[in-house]
C-alpha cells in the first residue's frame, strides 16, 4: 500500500457547503515528500455538486495534488465512502464531511500520527462547532447532536466520530475482501440514519487495532441555519437512538454478552415500550394537572425513545443475522 493521504468527501446536494470546505483543503501545509489527493464522491445529488467541485478546484486547487470527482448513484453515505476507499491511492484515509473546515496543518498532522504508530486503525480529531450567524437556537441543543469537543470517551467506548477521522486503508480493504458488510447505511438523502463511522471503529477494535483521538487535529464543523431548528434536532435524536440499536450487533461481541441475542433484543423491545408509555403518561399529567407545557428536552427524549422502539420493532432479525455475519468475518480474518 502506497504511503500517503487520501481525503474522501462524501456529498449529497453539497453545492452550497462544498466551496468553503475545499478552500480549507487548498491551503493545507503539507511537506513536499508527502503525497496526497482529494476524492469527492457525489452520492446521487440533484444539484450542481460535481460541477461546483471541479470548477472551484480548477481555480484554487493545489498543484501536484490529485483531485477526482466520482459518482455513486446508490444512496447511502457508506456506499459513497466505499467507492472512495476503492479508488484511493494511499494508506491513510481522511473522512472530511462537506461541512468540515480542516485546519491548515490537518493533513500533515494526520500523516505524522498515523505513520508513527502502525497499530492505530482509526484516529479522531477535535471538532469545533461553527454555527451560521446569527444562531437561531441555544447552542446546547446543537452540541447535543453534533460532533464536537475532545473525544475523551474513546479509550473506554472504542469509537471516534467520522468527521475528520483517519482510517488505515489496508484494514478496510481486508474487511471488504472478506465480504464484511455494514448494518448501517449512513445518511441517504433526507434520512438521517447514522453510525457508519462508529461501526468501522468497532470492527477495527475487534480486529485488535487501536482506536484513538488527538486534539492536535482541529477542524470547524459548520452548522447552517436550516439545521438550527428543533425539528431537525428531534429527527437527529430519533435516528441516533435508532442507530444505537443496530450497533448492538457489535456491542454484544465487545462486551462478551452470554445471553442469546434474540433474548436481549426482545427484552429491550419490551422495556423501550414501557419507557415510552411512562413518558407519555408523565407528559399528559404535567399538561392536564399541572398546566405545564411540554419542554423541548422532554420532546427530544421522547423522540429518542421512539427511535429505539422502532429500530427494535423492525430490525431484530436483521441485527441477529448481521451479528453472526460479523462473528464469521472476524473468525475468518483471525485465522488467516
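Read the figures in this text as sums done on the coordinates, not as results from a lab. Predicted, not measured: the structure shown is a model, and the values here were computed from it. Positions of Cβ are backbone-derived with ideal geometry, glycine not excepted, and every protein chain shown enters the neighbour counts.
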Distant alpha-carbon pairs in segment 99-155 (separation over 15 angstrom), percent: 62
Helix 49-60 against the longest principal axis of the chain: what's the angle in degrees, Cα atoms only, rounded to the nearest 10? 40
Site residue 301, offset 7 angstrom along Cα→Cβ, radius 19 Å on amide nitrogen, limited to segment 226-264, gives 230-231, 233-242
Report, in cubic angstrom per residue, the convex hull volume of the C-alpha atoms of segment 153-212. 100
Row for segment 123-275, column shape: gyration tensor on C-alpha, a ≥ b ≥ c, rounded if a/c < 1.5 i.e. under 1.5, prolate if a/b over b/c, else oblate; value oblate
Taking the 0 to 90 degree range and rounding to the nearest ten, how far is the long axis of helix 106-116 tilted relative to the main principal axis of the chain, both from C-alpha atoms? 90
Work out how much length residue 20 to residue 1 would gain on full extension: take 0.36 nm times their residue separation and subtract the Cα-Cα distance, in nm to one decimal. 3.7 nm
What is the packing order of peptides 221-229, 2-10, taking the mean over residues of other C-beta atoms within 10 Å and listing the highest first? 2-10, 221-229
Which residue fluctuates the most in the chain, going by a Gaussian network model with Cα springs under 10 Å, if the choices are 61, 307, 125? 61
Checking the a/c ratio against 1.5 first, then a/b against b/c, what shape does the Cα gyration tensor give for segment 231-296? oblate
Please give the helix 261-288 orientation as an angle from the longest Cα principal axis of the chain, in degrees from 0 to 90, rounded to the nearest 10. 70
For segment 2-228, with equal point scatterers placed on the C-alpha atoms only and solvent neglected, what are the log10 I(q)/I(0) values from the Debye formula at q = 0.09, 0.17, 0.18 1/Å, to two decimals? -0.33, -1.33, -1.52
Quick check on the chain: helices-only [θ] at 222 nm, where DSSP H runs of length 4 and up contribute -39,500 (n - 2.57) each and the sum goes over total residues. Nearest 500, please. -16000 deg cm²/dmol
Measure off 7 Å from each Cα along the Cα-to-Cβ vector at residue 293 and residue 115, then give the distance between these two points in nanometres to one decimal. 5.7
Share, in percent, of DSSP beta bridges within the chain that are antiparallel, nearest 5: 25
Measure of compaction for segment 195-336 (Cα Rg per 2.2 N^0.38 Å): 1.31
What is the diffusion coefficient of segment 79-200 in µm²/s, taking the Kirkwood radius over Cα pairs and the Stokes-Einstein relation at 4 °C with a viscosity of 1.567 mPa s? 81
Residue separation between residue 136 and residue 176 times 0.36 nm, minus their alpha-carbon distance, gives in nm 10.2 nm
The distance between the Cα centres of segment 1-75 and segment 139-187, in whole Å, is 20
How much length is gained if the chain between residue 282 and residue 60 is pulled fully straight, taking 0.36 nm per residue apart and subtracting their Cα-Cα distance, in nm to one decimal? 74.3 nm
Compute the distribution of all C-alpha to C-alpha distances in segment 1-118, in bins of 5 Å from 0, and list the percent of pairs in each, rounded to whole numbers. 2, 12, 24, 25, 20, 11, 4, 1, 0
With each pseudo-label sitting 7 Å past Cα toward Cβ, what's the residue 143-residue 226 distance in nm, one decimal? 2.7
The relative contact order of the chain, taking Cα pairs under 8 Å that sit 6 or more residues apart, comes to a percentage of 18
